[in-house]
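One structure below.
Read the figures in this text as sums done on the coordinates, not as results from a lab. The model shown is predicted, which means the values in this text are computed figures rather than measured ones. Counting neighbours? That spans all protein chains shown, and the Cβs are built from the backbone with ideal geometry, glycine included.
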Amino acid sequence: PTPRAASTRTTTMRATAVVALLLHALPGSHGAATTFVRVPEDLAYAEAEARCTQIGAAIASIHSAAENELARTACGNSACWLGLAETGGDAGTAAANQTWLWQDPPAGQTALPAYTNWAAGAPDNAGGDQRNAIIDTAGEWHDSLSSPSHAPLCRVAGELNFTLDHAPQQCQVNTKCRQKKRTSKGKTGNVPRKDRDPTCCGRGAETSNIKHRSCAPVGDATYQFVQTGMACDVGESVEEYKCYPCKPGKTCDMGPGDEGRCKWPGPGHGTFVGVFLVFLGPIIFCIFAGVGWYVHKRKNADETYAAAARRVLCRRGTKVRAVAPTTSEEAPALPASTVSVVDAPAAGIAPNELGTVVSVKPANQR
């Protein structure tokens, strides 16, 4: 063809691609608008597929030339993983006999590709049994082993509320974890039990090591907490999540330890109870233990006196009332007609049990 004809054909192809992209992006043109996003990390295929799931997307599947152009644009100047994998076959299976399936196609699309854009000669198993696929900077597809590192290309129905530029400086561990509420006057207080968020401070979290983790806001800027299994760079510890910047006007979840809603123990009754238990608890325990010991000793003493008194026999017509041990100086002043000094050994009473002062009343005196 002449140069003019070639130029005209190229211009027409570009215009067609732009129109296709615009139609594809229109809401309601064929369901929710599709967005392709590249995660700026180089990962092996299994990790790339997991990362797409973690951000609320799916490893990319492509079902038209328009979608392929969107995917190529999203990948930019790097190769990206696609969610296309070979099933069956081996390293010696010819391309014509290979079966490739989308791993996570959207609703309404089949796993068996209706559209492909393999590069010339691909898939070719040039490096062995290559069972995964990538898209290059030109938008062409190549088969690949699963171990090399490439950026994940994810497919989103609609769009994400956040960008994928991880902000490690916003990773934090909330050591004060009690749910808070904001009143009409702007003050904070405790949330009633019936209204508590079950995910606050990790209640109901999948793993205990994540329950106090969150992303710290900066002014009005917030972040999306995404548990990933990758280090978030909190000091020298390894925290398994990412903090992605929230897009303006969007709402993001800053994590189970979000300081905007979760505090513990903080000021208030929690601190008072803690101080009470730590400092006053032992003192109160000692007081009660001392009182208990004193009551126990008095009870034992009273039982001893009573037993000794019962051994003083009621002799013919006489009732006997024993008086507790006392020195002669402390003996109670009783009328001489009712008091007699009894020889303790002769009465069968050991001196160390009762003493020697006994009050005796004749039977005819009540």
- prompt: Among 143-155, 102-114, 281-293, 216-228, what's the highest-first ranking by average C-beta atoms within 10 angstrom per residue?
  reply: 143-155, 216-228, 102-114, 281-293
field: Approximate spin-label separation Val218-Thr87, in nm, with each point projected 7 Å along Cα-to-Cβ
entry: 4.6 nm
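Expected output is a single nm value to one decimal: the length gained when fully extending between Lys297 and Val173, i.e. 0.36 nm times separation in residues minus the C-alpha distance. What is it?
Working: separation 124, 0.36 × 124 = 44.64 nm, distance 5.38 nm.
Result: 39.3 nm gained on full extension.
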message: Can you compute the FRET efficiency between Ala95 and Ala157 using 1/(1 + (r/R0)^6), with r the Cβ-Cβ distance and R0 = 25 Å? Round to the nearest 0.05.
response: 0.20
